[in-house]
1. Filter region 145-165 down to the residues that are touching a strand residue (DSSP E or B) at 6+ places or on another chain (Cβ under 9 Å) and of a type in the set (Gly, Ala, Ser), then identify the one that is modelled with the lowest pLDDT.
2. Taking Glu34, is it at pLDDT 65 or above and closer than 30 Å to Ser144 by Cβ?
3. Could you say which residue among Gly142, Gly93, Gly123 is modelled with pLDDT of 90 or more and part of a strand (DSSP E or B)?
Amino acid sequence: MNKIWVGCFLTSLYLPSVMAQAPLSLEERLAQMEQRLKATEARAASAEAEIKTLKGQQQATTVARAAPATPRLQLNDNGELKFYGDVEFNLDGASRTGSLTSVKTSANKSWAPGDKERWDINGRILLGIDGSRNGADGKYAGFSVQPLADMDGKMNLDDAVFFFG
């Protein structure tokens, strides 16, 4: 509550001094506006100059980044190397042997869901690596390897080939 009284007191001290100023004429107001306008134009000009310098620096760094990087893996025209993969996930369910539905066909049938339901989950992750090389005198050599991992945790080999000629 004391803060409010202090604020009111300070306001009453400064309010008469503001009111005591003589009102400005139209010419004086226009002169003040012109001074403010000149100051604003000077600030805008300096801001535009700063923006231009920043854009120039940005373009220089962009051009520097656009230079092509040398690849870490360099291959020649005589060969090629491919990496690829495949992921499979299968979920099969059957309520009875030979049936794909779990709908009860008759109200009078005694059907125990746990007796005849089958659920089968399987899948694999296959990674493939193929490579070949052609010699200058028409000779060639290559390989293909496709290891795969089953959902059971077993590692298998789907395909492996080595060829030359």
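The values are calculated or read from the model by the stated rules, or taken from the named source; none is laboratory data. Every value quoted in this text rests on a predicted model; they were computed, and no experiment measured them. We place every Cβ from the backbone using ideal geometry, glycine too, and count neighbours over all the protein chains shown.
1. Gly165
2. no
3. Gly142
Table: residues versus (1) surrounded by 10 or more Cβ atoms within 10 Å (Cβ to Cβ); (2) not charged (D, E, K, R).
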site	(1), (2)
Ile121	yes, yes
Arg124	yes, no
Leu127	yes, yes
Ser132	yes, yes
Gly135	yes, yes
Gly142	yes, yes
Pro147	yes, yes
Gly153	no, yes
Asp158	yes, no
